[in-house]
Amino acid sequence: MIQARVIYVLWRREMIKYFRVRSRIAGAIGMPAFMLIFQGMGFRKVEFPGLPASIGYFQYLVPGIIGMTLLFTAAYAGMSVIMDKQFGFLKEVMVTPASRISIVLGMISGSATTSIIQALIIMLMSVLLGFRLPLIHAVLFSIVIMALISMIFINIGLILSSLLKDFHGFSTVINFIAFPLFLLSGALFPVSNLPAPIRILSYFDPLTYGVDALRGILIGHCEFSIVLNISILLTLSILMVCASSYFFQRAEII
Amino acid sequence: MSAIIVKELTKKFGEFTAVDSVSFSVEPGELFGLLGPNGAGKTTIINMLTTLLLPTSGEAEIAGYGLGRDPDSIRTNIGIIFQDPSLDIGLTGRENLEFHAMMYNIRSNERKKRIQEVFDVVGLTDKAEILVENYSGGMKRRLEIARGLIHYPKVLFLDEPTLGLDAQTRRSIWEYIRNLNRNYGTCVILTTHYMEEADFLCDRIAIIDHGKIIALDTPSGLKSRLLGDCVSLTIEGRIDLIATALGEKEWVREVIPDGKTLDLILSDYEKNIPEIFQTASNLGVRISSINFSKPSLEDVFIRLTGSTIREQEGSRKSVRQERMRRRMLR
């Protein structure tokens, strides 16, 4: 039973806290911004095999960095669940009559919104650095893709947070998961340049399809078809929501 | 209809039995206490009754809804104030209450009214817009109590409501709890390991030790199980004379000389103290100080469990008081 009111309350709380703590915004933007500036500017002239000369490395990199922003902010969403657990607030949430699935969806919607805001800030920044933005309807379409990408990684964070109890454990494990996912996804270079055994691993990385879909929409260049990308992302995010609801239902709160 | 009926409730964690076949019932509007040392199983009972933990066996009914059958209806009808803090310190006091009220589906107009009402009850109206991270410990506790009241619960659970608070704040929280029980008729169940707290607040008390209820009665009922009052005299002169003389009185149960002090267990000390002085002056013995105490719930606890609820300090005085208590209870 999904209760829209519960989802809204949890979303609203996330928004209040997000806009209240400015340092959190700056901190989360910092890393992708540096990547964008130094990697993007430094490798500007590099020509990759398999990449049309008309696109250029900076154009190619921007969707990758947007994917990276989504991956890291979304995966760290589980951190705020761990904080709520440690500060006891999660107990307060769980003792209310709200259905568990609504609670999970509320947490997802809040974190997805913040992840998308971060990604849009990065997109804006890249425009200032010379990124050629497509038409507005393409940008709006890319936001849908961003929502799917963040959904998948938020749920990874949520599942992890239902299994772990402390900050340190969580950030260690999430880094161990997120970095390979980021590097395998083709955010920085075409996956086709990787040696075959590693390339196969990249096909198991959800971010590969996320970044590819973003490229297809934002710069008109992708390896797989957009339909394939979207169907994979959609299927995965639905599966992940079910999985994290399951884990949340049986998690020990006390 | 009882507010709470508990039948042979049991919780095992692996081999360890935290709650061992506990049964009791609580009437609507009653202030009921679960008293016992840390680790006795009080919080586990609360966690089961508030649907956070599944019992291993046994049954319970809260506000008419069966445990395990209808958890959402139970959650709608109870309020809980946890032992550990459970506020979002990144939100203001008002935002915390709004969050809670919205989770319980209270409509906008009603919500504003009730938030104002509960802020007034706990005296935090002028602190409503401040971030909770800037609240003191007592203010946080009061805000949690306010939050527990917003949805007008039929049953309110308080798990160690005054743990870690100073004496003054504790007093004022007792007043809040008492008032809300009287004014709203809310049935309150509280756990505590403070004897004074249970004594001051509760209509009835269940004493719990090692997961079992070892006594259940009103505070005065529990205390009347004791034998009498204790009077302690400091004597200058022949202590043996006065000890023998007092030992012959029929209202004196026991005489325990210890150096210059003489401890007496007696009944109705209010009436009999003049006679003690009379006897002393007849014998030419001077009483330089006198000290008396009524039995407390702590004494009841010692008698029932054979140990004090708090760790004893090692001082000579406390050791002596301890010995007195034990004698008093024989």
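Any read-out appearing in this document is the output of simple, stated calculations on the displayed coordinates, not a laboratory observation. Just so we're clear, the structure is a prediction, and the values are computed from it rather than from any experiment. In this analysis, Cβ positions are derived from the backbone assuming ideal geometry, glycine residues included, and neighbour counts consider all displayed protein chains.
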*Check: the stretch B:144-236 dipole with +1 on Lys, Arg Cβ and -1 on Asp, Glu Cβ, in debye*: 460
_Antiparallel %, DSSP beta bridges [both residues in the protein assembly as shown], to 5_ = 70
*Per-residue [θ]222 nm for chain B (sum of -39500 (n - 2.57) over DSSP H runs n ≥ 4, rounded to 500)*: -12000 deg cm²/dmol
*R0 of 35 Å, Cβ-Cβ distance A:R132-A:L194: FRET efficiency to nearest 0.05*: 0.80
*Check cross-link reach from B:K212 to the aspartates and glutamates: straight Cα distance under 17 Å, and skip same-chain residues fewer than eight apart.*
B:E8, B:E15, B:D20, B:E59
*Hey, can you grab everything whose amide H is under 5 Å from the amide H of B:I80? Only 5+ residues off in sequence or another chain; H modelled, so Pro and N-termini drop out.*
B:F157
*Output ³J(HN,Hα) for the stretch B:107-112: one whole-Hz value per residue in order, computed from phi by the Karplus curve 6.51 cos²θ - 1.76 cosθ + 1.60 with θ = phi - 60°, and x for Gly and Pro.*
5, 3, 5, 4, 4, 4
_Fewest-first ranking of A:K91, A:K45, using other Cβ atoms within 10 Å as the exposure measure_ = A:K45, A:K91
*Got a sec? Charge dipole of the protein assembly as shown, +1 on Cβ for Lys and Arg, -1 for Asp and Glu; which of B:I287, A:F131, B:T305 is way out at the positive end?*
A:F131
*Would you kindly calculate the mean projected area, averaged across all directions, of the convex hull enclosing the Cα atoms of the stretch B:23-66, in square nanometres?*
3.6
*Run the quick spin-label model on B:E110 and B:K212: label points 7 Å from Cα toward the beta carbon, then report their separation in nm to one decimal.*
4.6
*Can you tell which of B:L163, B:L264, B:M103 lies farthest toward the positive end of the dipole of chain B, using +1 and -1 charges on the Cβ of basic and acidic side chains (Lys, Arg; Asp, Glu)?*
B:L264
*Note the full-extension length gain between B:L304 and B:R238 as 0.36 nm times their separation in residues minus their Cα-Cα distance, in nm to one decimal.*
20.1 nm
*Hey, what do the phi angles of the stretch A:67-82 turn into as Karplus ³J(HN,Hα) couplings, whole Hz, using 6.51/-1.76/1.60 and θ = phi - 60°, x for Gly and Pro?*
x, 4, 4, 4, 4, 6, 5, 5, 4, 7, 4, x, 4, 5, 5, 4
*Enumerate the calculated ³J(HN,Hα) couplings along the stretch A:129-136 in order (Karplus 6.51 cos²θ - 1.76 cosθ + 1.60, θ = phi - 60°), each rounded to whole Hz, writing x wherever the residue is Gly or Pro.*
8, x, 6, 8, 6, x, 5, 4
*Report Rg(Cα)/(2.2 N^0.38 Å) for chain A, keeping two decimals.*
1.02
*From other protein chains only, count the Cβ atoms within 10 Å of every residue's Cβ in A:75-87, then give the mean.*
1
*DSSP beta bridges in chain B, what fraction antiparallel, as a percent rounded to 5?*
70
*asked:* Which residues does the label zone of A:S231 cover in the stretch A:206-225, counting backbone N under 12 Å from a point 7 Å along Cα→Cβ?
replied: A:225
*Over all distinct Cα pairs, what is the inverse of the mean 1/r for the stretch B:4-223, reported as the Kirkwood hydrodynamic radius in Å?*
17.7
*asked:* Residues of the stretch A:130-174 with the amide nitrogen closer than 20 Å to a label point 7 Å from the Cα of A:I238, along Cα-to-Cβ, please.
replied: A:144-156
*Pairwise FRET efficiency - A:L163 versus B:D166, Cβ, R0 = 41 Å, nearest 0.05*: 0.60
*For the stretch A:120-252, convex hull volume per residue from C-alpha positions, Å³*: 130
*Provide the convex hull volume over Cα atoms per residue for the stretch B:205-265, in Å³.*
104
_Interchain or long-range residues, amide H under 5 Å from B:D263's placed H_ = B:L233, B:I256, B:D258
*Under unit Cβ charges (Lys, Arg +1; Asp, Glu -1), what dipole magnitude, rounded to 20 debye, does the stretch B:4-223 have relative to its Cα centre?*
380
_Peptide-level mean, for B:85-93, of C-beta atoms on other protein chains within 10 Å_ = 5
*Report, in debye and to the nearest 20, how large the dipole of the protein assembly as shown comes out about its Cα centre when Lys and Arg carry +1 and Asp and Glu carry -1 on their Cβ.*
1000
*Just rank A:F87, A:F179, B:F119, fewest to most, by other beta-carbon atoms within 10 angstrom.*
A:F179, A:F87, B:F119
*Report the net charge of residues surrounding A:I219, where surrounding means a beta-carbon distance below 13 angstrom and charges are Lys +1, Arg +1, Asp -1, Glu -1.*
0
*asked:* Counting only other chains, and only Cβ atoms inside 10 Å, what mean value do you get across the residues of A:10-16?
replied: 3
*Taking amide H positions as placed 1.01 Å from N in the peptide plane, with prolines and chain starts having none, which residues 5 or more places from B:I205, or on another chain, fall under 5 Å of its amide H?*
B:G33, B:D217, B:T218
*Report the residues of the stretch A:162-189 in range of a label on A:F224: point 7 Å along Cα→C-beta, backbone N strictly under 14 Å from it.*
A:185-187
*Can you bin the stretch B:93-217 into rounded, prolate or oblate? Criterion: square roots of the alpha carbon gyration tensor eigenvalues sorted a ≥ b ≥ c, rounded for a/c under 1.5, prolate for a/b above b/c, oblate for the rest.*
prolate
*Counting every Cα pair in the stretch B:1-40, what percent are over 16 Å apart?*
48
_Tensor-based shape of the stretch A:1-124 (alpha-carbon gyration tensor, a/c under 1.5 rounded, otherwise prolate or oblate)_ = prolate
*asked:* As a footprinting exposure proxy, order B:V300, B:V19 by other Cβ within 10 Å, with the fewest listed first.
replied: B:V300, B:V19
_Descending semi-axes in whole angstrom, ellipsoid equivalent of the protein assembly as shown, from the Cα gyration tensor_ = 67, 23, 21
